[in-house]
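Values in this text are rule-based calculations from the coordinates and carry no lab data. What you are looking at is a predicted structure, and each value in this text was computed from that prediction instead of being measured. Glycine gets a Cβ as well: all are built from the backbone with ideal geometry, and neighbour counts include every protein chain shown.
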Amino acid sequence: CKLVADEIAADMLEFDTCLPVIVSLRNPGLRDRHWAEMSEILGFRLCPSEDETFTIRKAIEEYKLGEQAVIDKLKKVTDKATKEYSLERSMVKMKAAWENVEFEVFPYKDTGSYVLKGSEDILTVLDDHIVLTQGMSFSPYKGPFEKEIDDWEVTLRLVQNTIMEWLAVQKQWMYLQPIFLSDDINAQLPAEGKKFGQVDKNWRRNLQKCYDKPHALTFANDQRLYEFFKEGNASLDRVAKNLADYLETKRAGFARFYFLSNDELIQ
């Protein structure tokens, strides 16, 4: 038993000297750029995947990778690879989180159109990922992924802005839609009725698209959609203001109307 134990101890001691080399060369974050950098430091081509005869013993005995000075140089490269790998994995994880995220779009009353519900969870994930992406953009190890990080942040912000404008338009549309069903209101406010009709037409078309294909990033990552919601929001703001001004003229003509809300007065 003692002979076996002594043999195992000797093997372990020999293997212990190999560990720094194994840890350095088996780093999961190593990419071609890192192998090229290590090759430049060592002064010869180091790429185990291209050398079928490569072994740890050969690395230590022939390539002298077991020397502490060489290990220290390799460690600098592998430490950087580890930091870059962390950023790479974070990007992969964030993008994977959006693969099955879809908007919850439901029919709205008897309008023949749809509205967005349950957007809070999506906005929360957007906030978290934007903060995480911003942190990555300040990392000194972002170099290989700088464009990808920048593009990803642009995508997230566009989706976030689109949803915010979407919700603003939706609130106005839900309020004004039943009002402008009235022929009387349209006759009294023809210009506003026309503006609302234009927004309503585009609203129905885009919400139908979302209902058919509700994947969040696919649908909301669209500059034209954002512009539509932004312009629609501004247009409906003007319509709502002109409607309120019109109702004020009715109140001025009959004082008791001041005791009614806008909805009651419209009825």
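The figures follow:
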| read-out | value |
| --- | --- |
| Using θ = phi - 60° and Karplus 6.51 cos²θ - 1.76 cosθ + 1.60, couplings along the stretch 217-224 (whole Hz; Gly, Pro as x) | 5, 5, 7, 7, 7, 9, 4, 5 |
| Built amide H within the under 5 Å cut-off of Leu46, gap 5+ | Ser39 |
| Between helix 2-25 and the chain: long-axis angle, C-alpha atoms, 0 to 90°, nearest 10 | 50 degrees |
| Subset of Lys194/Lys250; Lys75/Lys95; Lys171/Lys241; Lys95/Lys147; Lys147/Lys209 violating a 24 Å alpha-carbon distance limit | Lys75/Lys95; Lys147/Lys209 |
| Selected from Ala59, Gln172, Ala5, residue furthest toward positive end of dipole (the chain; charges at beta carbon) | Gln172 |
| Built amide H within the under 5 Å cut-off of Tyr108, gap 5+ | Ser113, Tyr114, Val115 |
| Approximate spin-label separation Gln198-Ala244, in nm, with each point projected 7 Å along Cα-to-Cβ | 2.2 nm |
| Cα-centre dipole for the stretch 1-69 with unit charges at Cβ (Lys and Arg positive, Asp and Glu negative), debye to 20 | 200 debye |
| Rounded FRET efficiency, nearest 0.05, which uses the C-beta distance separating Ala252 from Thr111 and R0 of 35 Å | 0.60 |
| Of (1) 1.22; (2) 1.06; (3) 1.75, the label for Cα Rg over 2.2 N^0.38 Å derived from the coordinates | (3) |
| Distance between the stretch 111-167 and the stretch 32-99 - C-alpha centres, whole angstrom | 33 Å |
| Cα centre as origin, Lys/Arg/Asp/Glu Cβ charges: the stretch 42-129 dipole, Debye | 460 debye |
| Burial ranking of peptide ranges 215-226, 95-106 (average Cβ count within 10 Å, highest at the top) | 215-226, 95-106 |
| Aspartates and glutamates whose Cα lies under 14 Å from that of Lys64, excluding same-chain neighbours fewer than 8 positions away | Asp72 |
| Net charge dipole size for the chain [Lys, Arg +1 and Asp, Glu -1 on Cβ; Debye, nearest 20] | 1000 debye |
| In sequence order, calculated HN-Hα J values of the stretch 27-41 (Karplus, 6.51, -1.76, 1.60; Hz; x Gly/Pro) | 4, x, x, 5, 10, 4, 5, 6, 5, 5, 5, 5, 4, 5, 5 |
| Table column - 3J(HN,Hα) (Hz), the stretch 226-236, Karplus curve with 6.51, -1.76, 1.60, x for Gly and Pro | 4, 5, 4, 5, 5, 5, x, 5, 5, 5, 5 |
| Contact order relative to length of the chain, as percent, for alpha carbon pairs under 8 angstrom and 6 or more apart | 17 percent |
| Degrees between helix 68-97 axis and first principal axis of the chain (Cα, 0 to 90, nearest 10) | 30 degrees |
| Hits among lysines - C-alpha to C-alpha of Lys80 under 18 Å, sequence gap 8 or more where chains match | Lys142 |
| Interchain or long-range residues, amide H under 5 Å from Glu102's placed H | Ala216 |
| Stretch gain in nm, segment Leu19-Lys147, where the contour uses 0.36 nm per residue and the Cα spacing is subtracted | 42.5 nm |
| Max mean-square fluctuation residue, GNM over the chain, Cα-Cα springs under 10 Å, options Met12, Met174, Met136 | Met12 |
| Peptides 83-92, 115-124 ordered by average Cβ neighbours within 10 Å, highest first | 83-92, 115-124 |
